[in-house]
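A short write-up of the structure that comes next.
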Amino acid sequence: MANRIVMFFVIISMYYLSYFYRVSTAVISPDLMRDFSITAEALGMLSGFYFYTFAAAQFPLGPILDKYGPKRTVVFFSFFTISGSLLFALAPSYIYAVIGRALIGFGVSCAYMATLKFLSIWFPRDQFATLSALSMAIGNLGALTATVPLAAMSSSIGWRKSFLIITFFTALSAFLIWKFLKDKDVEHSSENPKVDLLAILKNKNFWIIANMQFFWFGAFVGIQGLWGGPFLMDTFNLSKTEAGKIISMIAIGFIFGGPMLGFLSDKVFHSRKWVIIAGLSVFMMSLIILSKVSPDTSIKVLYITFFIYGFFGSAGIIGYSHAKERFPLSQAGTVMSWINFFAIFGAAIFQHFLGVVIDLYQKVGGKYPPEAYRTVFLICTAGILLSLSIYFFSDEKED
């Protein structure tokens, strides 16, 4: 048991770093725009390329994990992460930074699925939900590190040196995984049915849940991972560190909300669908509140609203369980990977598209006006409302 716990924390270290890379551009966005002389649209594309390559990797990832195991898969992919992080830190121009982000996204694309694969191999089934929730919480600690600590470090030594340090820790994580993680052979019965890809694509629930994940995660990461920081700095004239403190409330809310809403779904209401609808409805309300704030709004209101945003936004994670339970166990891995593709692709599209929207507004005193961000929040609200309206018609229990 002690060895399994050590291996768990070793493999989860890469997922922690994955989340850090995912949201790290939010607090250093002014530095990136200044150093590369780019617009909001270009910043959205720079941040979004992490998600484009991340999403593309989801299709072959399942078979690779099944064939080679978590250890060899993560160690192999980590070479792309380390190379991308190093290139991003040293990028002499915008295009090199984009390539760096793309390599990072491709490299860490296996972190969460490899963790789930590891848990399914080494731990009993009745511990899977608890450890999955713990994994998500640790991942969001990575997001937390990418707020105040990164803001403080980048203000002190610059964003480039900060990412050189993160590159070192990524290499350390890969080494520890190679050193301590053990792959365990899994018996595959010849009687197990083959994955029917056509049946998955023909199932209405797959597309309904995929649509919900696209809009939910796109809106969630669009704000947490990029535009929340500029919104706070431009609208309220906050420093990177001050903005990072408020953005960190999203991760804190998620850390508490994920396990709690998962418990309510499993043990209290015995429902995936209605917990998701209720949670994301409150999440949508927090977006509406953010669209109404003004430069005179109390900072306390922002702290509370961003916490609510993270707490109830975590309901979207339950969509993976909903998707898995709508299909036979033999198809669960493929279904979850494909659902994950739509979530990550949504994040890429939203970060870029919201940047295009913000660029439609003229800067005032070097800052985008509150109206630009108000439009962004309303677009995210509309996307959530549309997806929930469709998700209402999903089936709750297996036929």
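The values are calculated or read from the model by the stated rules, or taken from the named source; none is laboratory data. Keep in mind that what you see is a predicted model, and the values were worked out from it rather than measured. We place every Cβ from the backbone using ideal geometry, glycine too, and count neighbours over all the protein chains shown. Heavy atoms of the whole protein, side chains included, go into the accessibility calculation; ligands, DNA and RNA do not. Shrake-Rupley method; radii C 1.70, N 1.55, O 1.52, S 1.80 Å.
A few points about this structure:
- Neighbours by Cβ (under 8 Å, 6+ apart or cross-chain): first from the range 83-98, closer than 17 Å to residue 161 by Cβ and in contact (Cβ under 8 Å) with a residue 24 or more places away in the chain; second charged (D, E, K, R) and open to solvent by 10 Å² or more (accessible area, probe 1.4 Å): 89/160; 89/161; 90/160
- When 262, 229, 225 are checked against the criterion of being touching a residue at least 12 places away in the same chain (Cβ under 8 Å), farther than 25 Å from residue 45 by Cα and surrounded by 22 or more Cβ atoms within 10 Å (Cβ to Cβ), a single residue qualifies: 262.
- Hits in the range 1-50 - residues which are among the charged types (D, E, K, R) and within 20 Å of residue 233 (Cβ to Cβ): 22, 31, 34, 35, 41
- Condition met for residue 84 (open to solvent by less than 10 Å² (accessible area, probe 1.4 Å) and either in contact with a strand residue (DSSP E or B) (Cβ under 8 Å, 6 or more places away or on another chain) or in a helix (DSSP H, G or I) (or both)): yes
Residue-by-condition table, conditions (1) open to solvent by 70 Å² or more (accessible area, probe 1.4 Å); (2) at pLDDT 95 or above; (3) more than 25 Å from residue 348 (Cβ to Cβ):
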position	(1), (2), (3)
79	yes, yes, no
111	no, no, no
145	no, no, no
156	yes, no, yes
160	yes, yes, no
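- Residue list for the range 350-375, restricted to those being among the β-branched types (Val, Ile, Thr) and under 10 Å from residue 231 (Cβ atoms): 358
- Tabulated pairs, the range 372-383, first more than 18 Å from residue 279 (Cβ to Cβ), second not in a helix (DSSP H, G or I), C-beta under 7 angstrom, 6+ apart or interchain: 372/361
- First in the range 31-57 and among the polar types (S, T, N, Q), second anywhere and modelled with pLDDT of 90 or more and surrounded by fewer than 24 Cβ atoms within 10 Å (Cβ to Cβ), Cβ under 7 Å, 6 or more apart: 39/359; 53/102; 53/106
- Meets criteria (modelled with pLDDT of 90 or more, within 15 Å of the chain's Cα centre (by Cα), open to solvent by 10 Å² or more (accessible area, probe 1.4 Å) and under 27 Å from residue 25 (Cα atoms)) for residue 236: no
- Applying the set (1) in contact with a helix residue (DSSP H, G or I) (Cβ under 8 Å, 6 or more places away or on another chain); (2) farther than 24 Å from residue 210 by Cα; (3) surrounded by fewer than 23 Cβ atoms within 10 Å (Cβ to Cβ) to residue 306 leaves exactly one unmet item: (3).
- Any chance residue 272 is under 13 Å from residue 210 (Cα atoms), open to solvent by less than 50 Å² (accessible area, probe 1.4 Å), among the basic types (Lys, Arg) and out of contact with any Leu (no Cβ under 6 Å at 6 or more places or on another chain): no
- Residues within the range 275-300 that are open to solvent by 60 Å² or more (accessible area, probe 1.4 Å), modelled with pLDDT of 95 or more and β-branched (Val, Ile, Thr), tallied: 1
- Only a single item in (1) open to solvent by less than 10 Å² (accessible area, probe 1.4 Å); (2) more than 22 Å from the chain's Cα centre (by Cα) is not met by residue 243, and it is number (2).
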